[in-house]
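Read through the structure below, which is laid out as structure tokens, and then see the notes.
The values are calculated or read from the model by the stated rules, or taken from the named source; none is laboratory data. Given the structure is predicted, the values throughout are model-derived calculations rather than measurements. All Cβ positions, even for glycine, are placed from backbone atoms using ideal geometry, and neighbour counts span all protein chains on display.
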Amino acid sequence: MNRIIILTVSLIMVLSTSGQSKKERKKDKIKSTTEFETTFINGVSTTYKSSFEEYEKSGKVLTKIEFSPEGSILTKETAKYDQSGNKTEETQYDAAKKKNVKKTYKYNAFKDKTEEVEYGLSGTVVKKIVFSYNADGIKTTEVVTDAAGNVIKKMVYTYNPKKLKTNKQTFNNTNALEEEKKWEYEYY
């Protein structure tokens, strides 16, 4: 019973506390944050490093690691950014889900994401997403392909004269309509 109460109180404390915002990290020039947790079981305390975050000068997260009480890595995420602040690469590792993924991103001169590539464990391409935009910089298509370049699915977006999304059509690998979403707006 004591363990349940202690676990509940610990969980509430973790969920109710918040780290520094990106704005605060930049202002205070915080390079990294290490979080320690202490658990109390039958009057015995145990302290361990539960997480670590590293930031770049603008406050964006470069590395985020969560640890088990025994010290092993549960999850690890890393990110890289270009000079414009766009995320160019990220990795995600999750021990429990046996997930280890790397993604890279490319952007056009207007900072619109034009390409996202996902790599598997061996470094080979798993899938690629290419984004297209109209002259107003609004996304018009999203094409997902497999490692061989075969289309898995394609999304087509349409907009009203106010540039608000009105329709999204998803087509499968045979170009057959698979799903459609519509948005309607009411104005004052």
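If only one of K87, K49, K102 is in the same structural domain as Y119 (by TED's automatic domain parsing) and surrounded by 14 or more Cβ atoms within 10 Å (Cβ to Cβ), which one is it?
Working: K87 fails: in the same structural domain as Y119 (by TED's automatic domain parsing); K49 fails: in the same structural domain as Y119 (by TED's automatic domain parsing).
Answer to the selection: K102.
In region 33-46, which residue that is in a strand (DSSP E or B) and in contact (Cβ under 8 Å) with a residue 24 or more places away in the chain is surrounded by the fewest Cβ atoms within 10 Å (Cβ to Cβ)? I'd like the intermediate steps shown before the answer.
If we filter region 33-46 for residues that are in a strand (DSSP E or B), which is where we start, we get 33-41, 44-46.
Restricting the remaining residues to those that are in contact (Cβ under 8 Å) with a residue 24 or more places away in the chain gives 37, 39-41.
Numbers: E37: 15, T39: 14, F40: 13, I41: 11.
The selected residue is I41.
What is the number of the single condition among (1) at pLDDT below 95; (2) in a strand (DSSP E or B); (3) within 17 Å of A95 (Cα to Cα) that G71 does not meet?
It fails just one condition, (2).
Search region 152-166 for residues being more than 25 Å from the chain's Cα centre (by Cα) and in a strand (DSSP E or B), and hand back the single one that is farthest from K139 (Cα to Cα).
Ranking the qualifying residues of region 152-166, first place goes to T166.
Taking the condition surrounded by 15 or more Cβ atoms within 10 Å (Cβ to Cβ), in contact with a helix residue (DSSP H, G or I) (Cβ under 9 Å, 6 or more places away or on another chain) and among the aliphatic types (A, V, I, L, M), does V144 pass?
No: the conditions fail for V144.
Please tell me if K181 is in a strand (DSSP E or B) and loosely packed, with under 13 Cβ neighbours inside 10 Å.
yes
Any chance region 136-146 includes a residue that's small (G, A, S) and either closer than 30 Å to F52 by Cα or free of Cβ contacts under 8 Å to residues at least 12 places away in the same chain (or both)?
no
Condition first: assigned by TED's automatic domain parsing to the domain that holds N173, without any contact (Cβ under 8 Å) to a residue 12 or more places away in the chain and in a loop (DSSP other than H, G, I, E, B). Can you find one or more residues in region 112-121 that meet it?
Checked region 112-121: no residue is assigned by TED's automatic domain parsing to the domain that holds N173, without any contact (Cβ under 8 Å) to a residue 12 or more places away in the chain and in a loop (DSSP other than H, G, I, E, B).
Of the conditions (1) modelled with pLDDT under 95; (2) within 30 Å of T39 (Cβ to Cβ); (3) of a type in the set (D, E, K, R); (4) surrounded by 15 or more Cβ atoms within 10 Å (Cβ to Cβ), E56 satisfies every one except a single condition; which number is it?
(2)
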